[in-house]
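Beneath this line is the structure, given in structure tokens, with notes to follow.
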Amino acid sequence: MDFRPENDSVPPVNDGPKTATSQPGRAPEEDWSVLMARAQQGDAASYRRLLQSLTPYLRALAHRFGLSGADLEDGVQDVLLTVHSIRHTYDPTRPFAPWLTAVARHRLLDRLRRRARQTGRETELTEAHETFASPETNHPELAGEAARLQAAIASLPEGQRRAVEMLKLKEMSLKEAAQASGQSETALKVSVHRAIKRLRGLLGGS
Amino acid sequence: MAATDQLIETLSDKLQPVQPLRKPGLRAALWSGFATLVIALVAMVGGSRADLAHAVTEASFLVPLIGSWLTGFTAALAAFHVSLPDRSRRWLWLPVVPVLLWGTDFAYTCFVNWSDLAGSLALLPESACLMTILATSAGLTVVLLPMLRRVKTLRPGLTAWLGGLAVAGFADTAHLLVHTEQDSLLALTVNLVPAVGLIVFGGLAGRRAV
């Protein structure tokens with residue numbers, strides 16, 4: 001009794017002639033079987049050749065599983081590590097490709113399941129969620145243009161600075177600002193107008 | 001890609017020779033041979049049932065006996081196959097017929113004496129039969145577990161369930177040879193409940209162990 005392994009959703013590994021030259025995405029099964037048998041005996045050079053020739057095929061397989069970028073490369077490395085740790089389970093009298101494909105399929109599906117679980121549980125962070133160890137990095141207003149603007153406002157005469165703060169930064173109405181400062185609405189308007197003109201000059205605007 | 005190349009270099013540099021696993025059939029035969037020896041030992045130490053010579057002429061004894069042994073063997077064979085990455089999950093179905101043979105007697109007894117089942121279950125903790133089953137199971141598990149662990153299987157769940165079934169089958173073979181229950185429902189409970197317990201325990205705890 002010898003059941004063939006199931007091949008769910010995995011493309012055929014090698015349906016062409018077994019040759020000594022390898023093609024990307026295809027498995028030169030005969031070569032791989034021989035190289036793995038030698039690797040089991042401790043031949044490091046054969047093992048290096050085997051892993052190097054497996055890698056393009058594994059990348060193609062991982063791509064078919066929907067992996068890309070760093071995730072794809074992590075998946076390939078995961079498969080290589082598993083191949084290494086269970087290389088004693090390969091029977092040199094049997095074809096290598098089904099063994100490799102089964103190992104790769106297990107590992108890549110595990111990765112996909114793990115990713116699906118993580119994306120189901122996690123919410124992507126927006127800029128508002130970000131926080132950093134250094135306090136300055138949590139205050140973007142201290143950096144770049146905002147910092148220059150703050151410095152320019154600070155350099156304004158007292159009356160103009162207060163008028164800008166109340167009417168532009170705190171967005172108070174003229175009436176509210178007049179009540180808060182004790183100045184007339186006209187005086188506040190003039191102060192803001194002069195302040196903005198001066199700020200344009202300080203910041204190099206037109 | 002540089003990291004993958006680096007990984008290949010590291011794995012190649014650290015390569016050690018490994019002994020490929022023996023064929024699953026040979027490993028299952030070796031373990032089943034050991035299990036049969038344990039069963040014989042248990043029968044010798046515990047004393048085989050007094051009516052053994054008569055019982056072996058009756059189908060009601062022989063069918064569950066052969067069924068339980070075959071369950072142990074086929075479940076072990078399936079476990080060793082399924083534990084390998086390139087073997088089909090369809091090996092899982094191999095023990096089905098032996099399990100049916102093994103369970104025929106249980107099913108019949110249960111059907112005939114359903115109303116007394118609860119009373120028989122209450123007698124279970126007092127039964128010395130449990131010791132036979134537990135001792136046999138422990139001996140078999142001690143050998144089976146390292147054999148399965150060596151595979152570092154990618155299907156720990158299936159492998160563990162089949163391992164639990166294999167141990168339960170052989171343990172019940174020993175039990176059938178040693179003990180005679182006058183009460184058929186007691187026979188049912190001391191056979192069925194520990195068997196189910198072993199399979200469930202093997203499946204749940206063994207999943208992490210293998």
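The values are calculated or read from the model by the stated rules, or taken from the named source; none is laboratory data. Worth saying up front: this structure is predicted, and the values here are computed from it rather than measured. Note: ideal-geometry Cβ built from the backbone for every residue, glycine included; neighbour counts use all protein chains shown.
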Count - residues of the range B:1-59 that are modelled with pLDDT of 90 or more and of a type in the set (Gly, Ala, Ser): 8
Residues satisfying the stated conditions in the range A:81-93, i.e. farther than 18 Å from A:Arg48 by Cα, facing chain B (nearest Cβ under 7 Å) and not in a helix (DSSP H, G or I): A:Asp91
Selection within the range A:43-72 - crowded, with 19+ Cβ neighbours inside 10 Å, within 8 Å of chain B (Cβ to nearest Cβ) and farther than 25 Å from B:Leu21 by Cβ: A:Thr55
Tally, over the range B:47-63, of residues that are loosely packed, with under 11 Cβ neighbours inside 10 Å and part of a helix (DSSP H, G or I): 3
B:Leu65 within 30 Å of B:Leu134 (Cβ to Cβ) and more than 14 Å from chain A (Cβ to nearest Cβ): yes
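Every residue, every condition in (1) at pLDDT 90 or above; (2) within 14 Å of chain A (Cβ to nearest Cβ), yes or no:
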residue	(1), (2)
B:Thr71	yes, no
B:Asp86	yes, yes
B:Pro95	yes, yes
B:Asn113	no, no
B:Ala118	no, no
B:Ala138	no, no
B:Gly157	no, yes
One residue from B:Leu26, B:Leu15, B:Leu30 being over 30 Å from A:Ala45 (Cβ atoms), free of Cβ contacts under 8 Å to residues at least 40 places away in the same chain and within 14 Å of chain A (Cβ to nearest Cβ): B:Leu26
Number of the condition not met by A:Ala39 [criteria: (1) more than 9 Å from every other protein chain (Cβ to nearest Cβ); (2) buried (at least 19 other Cβ atoms within 10 Å of the Cβ); (3) in contact with a Phe, Trp or Tyr (Cβ under 8 Å, 6 or more places away or on another chain)]: (1)
Cβ pairs under 6 Å, 6+ apart, first in the range A:98-109 and farther than 13 Å from A:Phe65 by Cβ and in the same structural domain as A:Met36 (by TED's automatic domain parsing), second surrounded by fewer than 24 Cβ atoms within 10 Å (Cβ to Cβ) and of a type in the set (Asp, Glu): A:Pro98/B:Asp86; A:Trp99/B:Asp86; A:Ala102/B:Asp86
Residue match in the range B:65-83 (condition: in contact with a Ser or Thr (Cβ under 8 Å, 6 or more places away or on another chain) and surrounded by fewer than 22 Cβ atoms within 10 Å (Cβ to Cβ)): yes
B:Leu21 out of contact with any Ser or Thr (no Cβ under 7 Å at 6 or more places or on another chain) and either surrounded by fewer than 22 Cβ atoms within 10 Å (Cβ to Cβ) or small (Gly, Ala, Ser) (or both): no
Tabulated pairs, the range B:60-82, first farther than 16 Å from B:Val38 by Cα and without any contact (Cβ under 8 Å) to a residue 12 or more places away in the chain, second in a helix (DSSP H, G or I) and aliphatic (A, V, I, L, M), C-beta under 9 angstrom, 6+ apart or interchain: B:Leu62/B:Ala55
Residue that is nearest to the other protein chains (Cβ to nearest Cβ) [pool: residues in the range B:73-84 that are under 16 Å from B:Ile199 (Cβ atoms) and among the small types (Gly, Ala, Ser)]: B:Ala78
Answer from A:Leu100, A:Leu125, A:Leu112 - the residue that is in contact with a Phe, Trp or Tyr (Cβ under 9 Å, 6 or more places away or on another chain), more than 9 Å from chain B (Cβ to nearest Cβ) and not β-branched (Val, Ile, Thr): A:Leu112
